[in-house]
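To keep things clear, I will list the structure first and then write my remarks on it.
The values are calculated or read from the model by the stated rules, or taken from the named source; none is laboratory data. Source: prediction; values computed, not measured. Glycine gets a Cβ as well: all are built from the backbone with ideal geometry, and neighbour counts include every protein chain shown. Only protein heavy atoms, including side chains, enter the accessible area calculation; ligands, DNA and RNA are left aside. Shrake-Rupley method; radii C 1.70, N 1.55, O 1.52, S 1.80 Å.
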Amino acid sequence: MRTQIAAANWKMNLSIEQAESLTDQLIAGEIHTSAHQLVLLAVPFPYLLTVKNKISKQSGVYVAAQNCASTTNGAYTGEVSAEMLKGMGISYVIIGHSERREYYHENNQILAAKVNMALEYGVQPVFCCGEPLSVREAGTQNSYVETQLKESLFHLDKEKLRHFIIAYEPIWAIGTGKTATSDQAQDMHAHIRKVIADYVGGEIADTVSILYGGSVKAANAAEIFGKKDVDGGLVGGASLVASEFNVIINSLKQ
Ligand code: PEP
């Protein structure tokens, strides 16, 4: 079975005390992961090591960064490089979240450079894609997402896409309480897998974990994660409440 992933995206939320308390609550809720399941906690940069140390004994649970630089180390004030993440033992990084694309003008080319940096240092990207509402209303979401994938990922050697992690996040569903239906998620995930299969072949495409993101919560996770091509979720708001996120973890395919 493909790796099934529950990824929390804390964004720029929580004080350090709240971050520690949320981590403690998640652990107290008992996170059980099977061999094909993974839990990621994408926390703000300053909290990476604190949370990492707290979860070190939890099997299948890892911290992730929410971003990395598109360049190697150097005179880039305020940036954090993939090499620095690797040096801190961080093995996962979100790349291309819609908030980075919108507020920090990260286009497909910049994201391709970030993906390259992460892979060069052995940090696994969680690559986000997804369309805005206007594109969904025009019915052109498939080609929009296809372009995002092609321009940021399809320069990579095929083997680099084996066990890759992609998060499909329709922008109109992020933080809005408006979730894509499980059928809408499945349709797009199947499309993404086909686009990848056309590039690298079906055997590798079948190993790619495709997460859904957009107002996932305890009440809807099982239905969405139950779809054939949905391999878990990237979760914002609901990941800040331990009881919600623990249910979401337990909603991953067994
Ligand atoms: C996200 O931040 O990636 C996200 C999907 O947020 P939310 O779950 O709050 O919609």
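Pick from segment 225-237 the residues that are within 17 Å of R2 (Cβ to Cβ) and surrounded by 22 or more Cβ atoms within 10 Å (Cβ to Cβ): which of them is nearest to the ligand (Cβ to nearest atom)?
Per the stated criteria, the residue is L234.
Looking at segment 98-150, which of the residues that are within 16 Å of the ligand (Cβ to nearest atom) and assigned to a loop (DSSP other than H, G, I, E, B) is surrounded by the most Cβ atoms within 10 Å (Cβ to Cβ)? So that I can check it myself, show each step before the final result.
So in segment 98-150, the residues within 16 Å of the ligand (Cβ to nearest atom) come out as 98-104, 106, 111, 125-133, 136, 145, 148.
Remaining after also requiring assigned to a loop (DSSP other than H, G, I, E, B): 104, 106, 130-132.
Numbers: Y104: 10, E106: 21, G130: 27, E131: 23, P132: 16.
Going through the qualifying residues, I end up with G130.
For the subset of segment 238-254 comprising residues that are over 23 Å from E99 (Cα atoms) and not in a helix (DSSP H, G or I), which member is least open to solvent (accessible area, probe 1.4 Å)?
Among them, the one singled out is L252.
In the set A185, A219, which member is within 16 Å of the ligand (Cβ to nearest atom), over 19 Å from I27 (Cα atoms) and out of contact with any helix residue (DSSP H, G or I) (no Cβ under 8 Å at 6 or more places or on another chain)?
Details: A185 fails: out of contact with any helix residue (DSSP H, G or I) (no Cβ under 8 Å at 6 or more places or on another chain).
Criteria check complete, one pass: A219.
Do we find a residue being open to solvent by 60 Å² or more (accessible area, probe 1.4 Å) and either of a type in the set (S, T, Y) or over 19 Å from the mean Cα position of the chain (by Cα) (or both) anywhere in segment 162-171? Working first, answer last.
Within segment 162-171, the subset open to solvent by 60 Å² or more (accessible area, probe 1.4 Å) is 162-163.
Pick out the ones that are also either of a type in the set (S, T, Y) or over 19 Å from the mean Cα position of the chain (by Cα) (or both) and you get none.
No, there is no match, as no residue in segment 162-171 is open to solvent by 60 Å² or more (accessible area, probe 1.4 Å) and either of a type in the set (S, T, Y) or over 19 Å from the mean Cα position of the chain (by Cα) (or both).
Restricting attention to segment 173-215, which residues are aromatic (F, W, Y) and either open to solvent by less than 30 Å² (accessible area, probe 1.4 Å) or within 20 Å of G226 (Cα to Cα) (or both)? Break it down stepwise before answering.
Filtering segment 173-215 down to residues aromatic (F, W, Y) leaves 199, 212.
Result: Y212, single match.
Let's see how each residue does on (1) farther than 27 Å from V230 by Cα; (2) among the hydroxyl-bearing types (S, T, Y):
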{"position": "A6", "(1), (2)": "no, no"}
{"position": "L14", "(1), (2)": "yes, no"}
{"position": "Q18", "(1), (2)": "yes, no"}
{"position": "L22", "(1), (2)": "no, no"}
{"position": "L26", "(1), (2)": "no, no"}
{"position": "E30", "(1), (2)": "no, no"}
{"position": "S34", "(1), (2)": "no, yes"}
{"position": "Q37", "(1), (2)": "no, no"}
{"position": "L40", "(1), (2)": "no, no"}
